[in-house]
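Please treat every number below as a calculation from the coordinates, not as lab data. The shown structure was predicted, so the numbers you read here are calculated from the model rather than taken from an experiment. Note: ideal-geometry Cβ built from the backbone for every residue, glycine included; neighbour counts use all protein chains shown.
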Amino acid sequence: MIDAAAAIAEAKRGLRHMQLDDNPGMAAARAAGHAGVPMLVTRLDVPERAYYLVPWQDDRGITLVIQIDAQTGVMSSAAALAAPQQHIVISPEQAQRIASDTLGVQAVDTPQLVWQACRETGSPFQPLYLIPVVDSHVFVAMNGTAYRQLTPFIKGGRANPEAT
């Protein structure tokens, strides 16, 4: 697995090689920005396919997010944000407070960023925090919603009714 420094280097390399002739806004964001702190996300459906989200920011905030495969270092995708953001994920402490306030549970270990395609988040650019609690775990989405379990999609993109 590559480390955070390698993820930054690969994000820079990947952005340099992107053809952005048809997207002048993304080209300008790439030219004016720099990499922020990469965040490692573990895939729940395929744990060996973890990835980094590398925020690309300028003086206005985060303008792009680059997804880097944590095993190969290859840039998987990049997304331009509609408006600059100060953060793309909430803090682990915020996630713990949300879990405590909404579900009445207390974390017993450090929250971890995770993702799988599910009704609660269909985009790898919007991971969830998995928060270990006594005898289980809960999930907190970046919009502040807490879940006791996730609802995986079944073939055709529908939510799996057996998972609820």
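Annotations
- The phi torsions of the range 97-105, fed into the Karplus equation with coefficients 6.51, -1.76 and 1.60 and a -60° offset, translate into couplings of 4, 4, 4, 5, 5, 8, 10, x, 10 Hz, rounded to whole numbers, with Gly and Pro shown as x.
- Scaled to the globular estimate 2.2 N^0.38 Å, the Cα spread of the range 92-163, given as radius of gyration, is 1.09.
- Extreme residue, positive dipole direction of the range 2-141, given options Gly33, Ala79, Ala6 (C-beta unit charges): Gly33
- Put simply, the amide H of Val138, placed in the peptide plane, has neighbours under 5 Å in Ile131, Val133, leaving out anything fewer than 5 places away on its chain.
- Note that the range 4-85 carries a Kirkwood radius of 12.8 Å, evaluated over its alpha carbons pair by pair.
- Net dipole in debye of the chain [+1 Lys, Arg Cβ; -1 Asp, Glu Cβ; about Cα centre; nearest 20]: 260 debye
- Think of the range 75-161 as having a plus end and a minus end, set by charges on the Cβ of Lys, Arg, Asp and Glu; of Pro92, Val105, Leu130, Leu130 sits farthest toward the positive end of this dipole.
- For the range 71-138 versus the range 28-49, the spacing of their alpha-carbon centroids is 13 Å.
- Relative contact order of the range 92-163, defined on C-alpha pairs under 8 angstrom at six or more residues apart (%): 27 percent
- Burial ranking of peptide ranges 116-126, 75-85 (average Cβ count within 10 Å, highest at the top): 116-126, 75-85
- When +1 charges are put on Lys and Arg Cβ atoms and -1 charges on Asp and Glu Cβ atoms, the dipole computed for the range 4-85 relative to its Cα centre reaches about 120 debye.
- Principal axis extents of the C-alpha atoms in the chain (largest first, rounded to whole Å): 49, 35, 30.
- Based on DSSP H segments of at least four residues, each scored -39500 (n - 2.57), the chain has a per-residue ellipticity at 222 nm of -6500 deg cm²/dmol.
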